Amino acid sequence: MSNFLTYLLKVLIKNKGKVSFPLSYHRLLFQRWNTQLHLSQSPLQVKLPWITLAAQDWIDQYILQNQHRGLKVFEFGSGGSTLYFLNHPTTQTVSVEHDEVWYNNTKQNMPSTLLKKWTGLLHIPENNPSPEQSLENDPSAFYSGVERHKHQLFKAYVTSIDTYEDNHFDIIMVDGRSRPACIMHAIPKLKSGGILVLDNAERKRYFTHLTMDNSTFKLALNHYGALNCTNAFVITQIYVKK
């Protein structure tokens, strides 16, 4: 992706000709993204969440508006987003990871000053000797749609959030494994006015057996755009709990 018009055309086609933000803002998004690509750094290196740039801006504003009361964050999946949240002075973050190598990589890239604000959980997936692929998107089944995980379950990973009381977290990020199950277990743990961030929402299979109740959630952002530090486009959704 080398020029703004090509970038904008990709966004327009996906959004059926609609531009969700002013062109001036899209131009700024493109410039930031293009700079990232030229630097060739990962989200972990630059301490950014692996979501669309516009979704990151939306979360920035949410944190800024609510930082006076301190914010509690839970992440399904760790990495650049972990450092991003922890770098905000009033946030405390819990991250659950299924990959031991990646968990250690995240921890090694974390300044010691941030460790006291972080609770890192490692839950390696359990063996699943009888995989039923038809249930891979059932939020009660703890499966993952990723081929290499078809003989594994993510029950301990998903249910790690259950140890916290209801209405505990201000922000819950779902960007890991067994995402429908993660969403289901996240809902009661999110405060009223809190936000649930779902990455790769273009994957319709996440909602095969799960719907976001309009009486409980408002869809505040449904953005198809460039992914931080990556030559890819995805949809990041942000839901606000009523």
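Structure above, values below:
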item	result
Residue in the stretch 66-77 that is open to solvent by 10 Å² or more (accessible area, probe 1.4 Å) and of a type in the set (Val, Ile, Thr) present	no
Pairs, first more than 21 Å from residue 163 (Cβ to Cβ) in the stretch 93-104, second surrounded by fewer than 24 Cβ atoms within 10 Å (Cβ to Cβ), C-beta under 7 Å, six or more apart	none
Restricting the stretch 188-210 to residues that are part of a strand (DSSP E or B) and in contact with a Lys or Arg (Cβ under 6 Å, 6 or more places away or on another chain), the residue that is surrounded by the most Cβ atoms within 10 Å (Cβ to Cβ)	190
Residue, farthest from residue 8 (Cα to Cα), within the stretch 221-242, restricted to residues that are aliphatic (A, V, I, L, M) and surrounded by 15 or more Cβ atoms within 10 Å (Cβ to Cβ)	240
Positions within the stretch 78-109 being among the small types (Gly, Ala, Ser), surrounded by 24 or more Cβ atoms within 10 Å (Cβ to Cβ) and assigned to a helix (DSSP H, G or I), in sequence order	81
Members of the stretch 31-44 found to be over 30 Å from residue 107 (Cβ atoms) and surrounded by fewer than 14 Cβ atoms within 10 Å (Cβ to Cβ), listed by number	31
Failed criterion for residue 213 (all others in (1) of a type outside the set (A, V, I, L, M); (2) more than 22 Å from residue 16 (Cα to Cα); (3) surrounded by fewer than 19 Cβ atoms within 10 Å (Cβ to Cβ); (4) in contact with a Lys or Arg (Cβ under 7 Å, 6 or more places away or on another chain) hold)	(4)
Condition broken by residue 109, with the remaining ones in (1) within 21 Å of residue 229 (Cβ to Cβ); (2) under 18 Å from the mean Cα position of the chain (by Cα) satisfied	(2)
Residues located in the stretch 27-42, provided they are basic (Lys, Arg) and over 18 Å from residue 80 (Cβ atoms)	27
The stretch 155-187, residues that are in contact with an Asp or Glu (Cβ under 8 Å, 6 or more places away or on another chain), farther than 23 Å from residue 65 by Cβ and either outside any helix (DSSP H, G or I) or open to solvent by 50 Å² or more (accessible area, probe 1.4 Å) (or both)	155, 176
Residue identified as open to solvent by 20 Å² or more (accessible area, probe 1.4 Å) and not in a helix (DSSP H, G or I) among 28, 48, 12	48
Residue list for the stretch 63-93, filter: β-branched (Val, Ile, Thr) and out of contact with any helix residue (DSSP H, G or I) (no Cβ under 7 Å at 6 or more places or on another chain)	63
Among (1) more than 30 Å from residue 144 (Cβ to Cβ); (2) open to solvent by less than 10 Å² (accessible area, probe 1.4 Å), the one test that residue 19 misses	(2)
Positions within the stretch 211-230 being more than 19 Å from residue 180 (Cα to Cα), in a loop (DSSP other than H, G, I, E, B) and not hydroxyl-bearing (Ser, Thr, Tyr), in sequence order	228, 229
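The values are calculated or read from the model by the stated rules, or taken from the named source; none is laboratory data. It should be emphasised that the depicted structure is a prediction, and the values quoted were computed from it without experimental measurement. Heads up, the Cβs are rebuilt from the backbone with ideal geometry, glycines too, and the neighbour counts pull from every protein chain shown. Heavy atoms of the whole protein, side chains included, go into the accessibility calculation; ligands, DNA and RNA do not. Shrake-Rupley method; radii C 1.70, N 1.55, O 1.52, S 1.80 Å.
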